[in-house]
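The values are calculated or read from the model by the stated rules, or taken from the named source; none is laboratory data. As the structure is a prediction and not an experimental result, all values here were calculated from the model. A quick note on method: Cβ atoms are made from the backbone with ideal geometry, for glycine too, and the neighbour counts reach across all protein chains shown. For accessibility, only protein heavy atoms count, side chains too; no ligands or nucleic acids. Shrake-Rupley method; radii C 1.70, N 1.55, O 1.52, S 1.80 Å.
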Amino acid sequence: MAEQSRGVVLDAFTDRYAARTHGMTASEIRALFAVASRPEVVSLAGGMPNLTALPLDAVGKVVGELVASRGTTALQYGSGQGDPVLRELICEVMALEGVQGSPDDVVVTVGSQQALDLVTRVFIDPGDVVIAEAPSYVGALGTFAAYQADVVHVAMDEHGLVPEALRETIAAVQRSGRRAKFLYTVPNFHNPAGTSLADARRDEVLAICSAAGLLVLEDNPYGLLGFDGPPVRAIRARGGEDDVLYLGSFSKTFAPGLRTGWVLAPHAVREKLVLAAEAAVLCPPAFNQMVVAEYLQTQDWQGQIGAFREQYRERRDAMLDSLGQLMPEGTTWTRPTGGFYVWVTLPGDLDAKVMLPRAVTERVAYVPGTAFFADEQGRSNLRLSYCYPTPERIREGVRRLAGVLEQEVELRDTFGATGSFRLARPSAETPSPDMQ
Ligand SMILES: Cc1ncc(COP(=O)(O)O)c(C=O)c1O
């Protein structure tokens, strides 16, 4: 039983937990997000897809017909690898990004988050190195921490991961006598950086990793949500059949509540992933998979993705316009051509994490940059999401944020390095759903 001592809750189980739980600590900013979810706060923090454009009547019809016609199968246990019909359809979805995969090498997962978990479980021993972009998706960092991986970050610029930096990082890890198992990368409309890996760099990144015997974990939930033209070919489409584990998801292109994602793996790895999945969940939910399969077969899902894209483009424009009009001098940000996120760099030595309580008091929320690093980087960064609020709310949120920043800059200029520009204590954030 937890006991209360001088206002601090002590956990009486501490000396019984497995060592792997040591990396699992609740984020200090969780409590703030509880406040941030109040209606008066404009939250530019969460990465929840906007489902207002989804035709719920049509989805309801799909669900109703499924239960009526194949209810006893849909409500039964299914295969550990996932529904064969869905796996074939997933190959058609991946083909849109140039990926030629066999349904036999696809494992359906409970969102791509479970795919991250399975891949890490299968490849990582405590102390193994994962090379990950700086910054990286907070949910992936949480998984890597849970399996006691050492995350070594590699630099990005406005064109994504920097190949030269990757070469140097691999060499440095080798010199330190440690073993890097894979590179974790989000090549399209990066969460949180908002950038995409340039076409020409994709072949280079694959070549560098293949030469070093490093797998590429290509996490691509946003690839079909680009605003400018057709998708760029995936890394997995460039010949990396045995070098790339490709993760996909229906969370951003259909509905996250169905928790349906997948991994396309080299054939040998596929078997290990299925065994790991069976040990964790027996099988992914048959019902959800069949809903997704029916939706893909009977509805204009590509047209629907087009509708989502238009919604997000309008919101991206609202955010970039207001940032351009309102941000104080010295603030910079990325200009995403798809996806959900803008990555902001604050002027001078302002600290986004220390500034967050003040921002929430001013009724605007964001995710501080430190959440997206396994080390102490990211203090002068924050992530803004434009996916969920209306364009009007986005403008209002940016206006409030600009007000907070102006106050901070003024305070700093008056009093020097105190207040929100103090250095925050470095910590690895454990993700909360608001931060995804
Ligand atoms: C880069 C990235 N990978 C994986 C996920 C997990 O998505 P899901 O488990 O819903 O498929 C997310 C969710 O935000 C994400 O942004």
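Placing unit charges on the Cβ atoms only, positive for Lys and Arg and negative for Asp and Glu, gives the chain a dipole magnitude near 600 debye about its Cα centre. Electrostatic tally near residue 216: other residues with Cβ closer than 9 Å to its Cβ, Lys and Arg +1, Asp and Glu -1, net -1. Here the 3J(HN,Hα) profile of the stretch 184-200, calculated from phi with Karplus coefficients 6.51, -1.76 and 1.60 at θ = phi - 60°, is 9, 9, 10, x, 10, 6, 3, 9, x, 6, x, 9, 10, 6, 4, 3, 5 Hz, Gly and Pro shown as x. Amide H contacts for residue 180 (H built 1.01 Å from N in the peptide plane; partners 5 or more residues away or on another chain; cut-off under 5 Å): 129.
Couplings 3J(HN,Hα) of the stretch 319-333, computed from phi: 5, 5, 4, 5, 4, x, 7, 10, 5, x, 3, x, 7, 10, 7 Hz, in residue order, whole Hz [Karplus 6.51 cos²θ - 1.76 cosθ + 1.60, θ = phi - 60°; x for Gly and Pro].
Between residue 96 and residue 299, what is 0.36 nm times their sequence separation minus the Cα-Cα distance? Round to one decimal in nm. Walk me through the numbers before you get to the answer.
On the way: separation 203, 0.36 × 203 = 73.08 nm, distance 1.70 nm.
Extra length from residue 96 to residue 299 when fully extended: 71.4 nm.
A simple count of charges around residue 392, restricted to other residues whose Cβ falls under 15 Å of its Cβ and scoring Lys, Arg +1 and Asp, Glu -1, yields +2. Estimated from helical segments only, the mean residue ellipticity of the chain at 222 nm is -13000 deg cm²/dmol, where each DSSP H run of four or more residues counts as -39500 (n - 2.57).
The packing ranking of peptides 95-104, 74-83, 133-142, highest mean first, is 133-142, 74-83, 95-104, where packing means the average number of other beta carbon atoms within 10 angstrom of each residue.
Projection of the Cα convex hull of the stretch 251-300, averaged over all directions and equal to a quarter of that hull's surface, yields 4.2 nm². Between residue 34 and residue 227, the FRET efficiency estimated from the beta carbon spacing at R0 = 22 angstrom works out to 0.10.
The amide H of residue 216, built 1.01 Å from its N in the peptide plane, has 183, 244, 245 as neighbours under 5 Å, considering only residues 5 or more places off or on other chains. Averaging the sequence gap over all C-alpha pairs within less than 8 Å and six or more residues apart, then dividing by the number of residues, gives the chain a relative contact order of 24 percent. Expressed as a whole percent, the accessible area of the chain that falls on carbon and sulfur atoms is 53 (1.4 Å probe). Springs between Cα atoms under 10 Å define the GNM used for the chain, and in it the highest mean-square fluctuation of 128, 199, 11 occurs at 11. Entry for the chain at q = 0.09, 0.12 Å⁻¹: log10 I(q)/I(0) = -0.58, -1.05, Debye formula applied to identical alpha-carbon scatterers, no solvent contribution. Using the Cβ of residue 100 as centre and a radius below 12 Å, the other residues enclosed give a net charge of -1, where K and R count +1 and D and E count -1. Could you check what % of the DSSP bridge pairs in the chain are antiparallel, to the nearest 5? If I count the DSSP bridges inside the chain, around 55 percent turn out antiparallel.
Across the stretch 81-92, rounded Karplus estimates of 3J(HN,Hα) from the backbone phi angles (6.51 cos²θ - 1.76 cosθ + 1.60, θ = phi - 60°) give 7, x, 4, x, 5, 5, 5, 5, 5, 4, 5, 5 Hz, Gly and Pro being marked x. The largest accessible area among 380, 322 belongs to the first residue in 380, 322, and the rest follow in falling order (1.4 Å probe, all chains).
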